[in-house]
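Student: Sharing a structure, written as structure tokens. Questions coming.
The values are calculated or read from the model by the stated rules, or taken from the named source; none is laboratory data. Please read all numbers here as calculations on a predicted model, not as lab measurements. Cβ: placed from backbone, ideal geometry, glycine included. Neighbour counts: every protein chain shown. We work out accessible area using only protein heavy atoms, side chains counted, and drop any ligands, DNA or RNA first. Shrake-Rupley method; radii C 1.70, N 1.55, O 1.52, S 1.80 Å.
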Amino acid sequence: ALVMRELAEALQMKLGNLHYYYATKDDLVLSVLEAEAQIDLEAIAEGITQHNDAETAFRAIVGNLVARWRGQSGMLFLALNNLAAHNEMYRQLYNRIYLRFYDALEGLLKEMNPALTGEEISLRVRLITALIDGSSMQIRVGKKHAYLERVRQQAMNIAHDK
């Protein structure tokens, strides 16, 4: 439903200027999705640098991502997921974004569980990411803080094989 002409009017710019930066609607949508993912990756990096130990950083990052993905960020990733099912360009972006999420979280898990194999860490990070993704889709969860704490605890259980 995105119409570039209407968007240009809403932004009070000429359509040609909008097309200069984004030749197609897909180019614009891909750029927005990439920018949103970058914000999340920066939040992960910030969580890592702000905390002294991997476990505290991990808990903070999970909480931050759940909170972000329950809002606008989650809506964008849901749209990306749907678009990726039907379009190779979006599928490639989806893979690039999630590989960056996995890479960022794998280091923390390795630090938390040095005895785990790379394959096991990779699997756990994907399970944790699926938990975070899925938790953002639950709208009737009771008290938000209690729910967030349960998601954090389940992510910790996956990280520690409990």
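Student: Ignoring any ligand, DNA or RNA, what whole percent of the accessible area of region 1-121 comes from carbon and sulfur when the probe is 1.4 angstrom?
Tutor: Carbon and sulfur together cover 53 percent of it.
Student: Now, a different point. Show me the helices of the chain, taken as full DSSP H stretches, that run 20 Å or more along their long axis by Cα and average 0.5 or above in Kyte-Doolittle hydropathy.
Tutor: Taking the DSSP H segments of the chain (at least 20 Å long, mean hydropathy at least 0.5), we get 54-69.
Student: Which FRET efficiency, nearest 0.05, do residue 55 and residue 10 yield, Cβ-Cβ r, R0 45 Å?
Tutor: Taking R0 as 45 Å, the efficiency between residue 55 and residue 10 is 0.50.
Student: Something else about it: Work out how much length residue 147 to residue 161 would gain on full extension: take 0.36 nm times their residue separation and subtract the Cα-Cα distance, in nm to one decimal.
Tutor: 3.0 nm
Student: Over the chain, give the accessible area per residue in Å² for a 1.4 Å probe, as an integer.
Tutor: 60
Student: Here's another thing I want to ask about it. What is the extension gain from residue 34 to residue 88, computed as 0.36 nm multiplied by their sequence separation minus the C-alpha to C-alpha distance, in nm to one decimal?
Tutor: 17.9 nm
Student: Which order do peptides 102-112, 32-42 fall in by mean Cβ count within 10 Å, highest first?
Tutor: Going from most to least packed, we get 102-112, 32-42.
Student: Please state the Cα pair-distance histogram of the chain with 5 angstrom bins from zero: what percent is in each bin?
Tutor: Percent of Cα pairs in each bin: 1, 8, 16, 18, 17, 14, 10, 7, 5, 3, 1, 0.
Student: Any idea what the dipole of region 1-109 comes to, in debye rounded to 20, about its Cα centre with Lys/Arg Cβ at +1 and Asp/Glu Cβ at -1?
Tutor: 300
Student: Suppose every K and R has +1 on its Cβ and every D and E has -1 on its Cβ; what is the size of the dipole of region 99-150 about the Cα centre, in Debye to the nearest 20?
Tutor: Charge dipole, region 99-150, about its Cα centre: 400 debye, nearest 20.
Student: Hey, what number do you get for the chain at 222 nm if only DSSP H runs of n ≥ 4 count, each worth -39500 (n - 2.57), divided across all residues, to the nearest 500?
Tutor: -26500 deg cm²/dmol
Student: Determine the relative contact order of the chain: mean sequence separation of Cα pairs under 8 Å and six or more apart, normalised by residue count, in whole percent.
Tutor: The normalised contact order for the chain reaches 23 percent.
Student: For the chain, set up a GNM with springs between Cα atoms under 10 Å and report which of 66, 29, 125 has the largest fluctuation.
Tutor: Comparing 66, 29, 125 in a Gaussian network model of the chain, the most mobile one is 29.
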